[in-house]
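Below you'll find the structure, written out as structure tokens, and then a few comments.
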Amino acid sequence: MQEIILSIVGTLGGVSLVFWKLSDRLGKVWADRLIETDKRKYQKEIEKIKKEYEVHFDGIKAVLMRYSENQFDIYRELWGSLCELKLSTDMLWTSATPENVRSFSEQLHKSRFWLEKSSLFIEDEHYQTLRHVFEDFEQFLIGKESLIELRNMPGISENELMQRTRDIVQGNSWHRDNFTHTLSSLRGYFRQHIRGQHDSA
């Protein structure tokens, strides 16, 4: 009887061991499947987020490219206006006539208008610099108008005329040189901008 009991206990023990081993094995299989399922799920989520960011990034990139192209066109137009102003400046510098004064005044107005109109796309440093140049050119214009008035002023002595003319010309020379220097700086920036667009193309 005792042997039968021991045999039964042994059998049950063996079955329990087998069942435990089987459960452990199945547990690992199910755990691996759950991990794999979660892994695929999270991988899909990551890919989805990645695509959303790529779309968002492409949108930002497109906006920046459009901004860069607009800025390039604005600088090109502004440069043309400044070159016209340079020509008017040289003409007025060479000959202070009412016609040249009028031409310079009109071109100064156009260039100033272009600057304000394009200020959204112009580097702040360039905007501020050109604003100061245009303010200086108001004095340049006043100086040239004063020269014309001096020549037609009755009763002025030759010495006084020469002294006042020298003072006006000296001041105007500084304004003209300052504008020339500003144009040179802008030319360097513009060329660098063109090379940058060419390299990124």
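Just so you know, all these numbers are worked out from the coordinates, no wet-lab data involved. Fair warning: this is a prediction, and the values are worked out from it, not measured in the lab. Cβ coordinates were reconstructed from backbone atoms using ideal geometry, including for glycine residues, and neighbour counts include every protein chain displayed.
For Arg191 and Glu145, compute 0.36 nm times the residue count separating them, minus their Cα-Cα distance, and round to one decimal in nm.
13.0 nm
With each pseudo-label sitting 7 Å past Cα toward Cβ, what's the Arg76-Gln128 distance in nm, one decimal?
It works out to 2.9 nm between the two label points.
Over the Cα atoms of the range 71-201, what radius of gyration and what Dmax do you get, in Å?
17.4, 67
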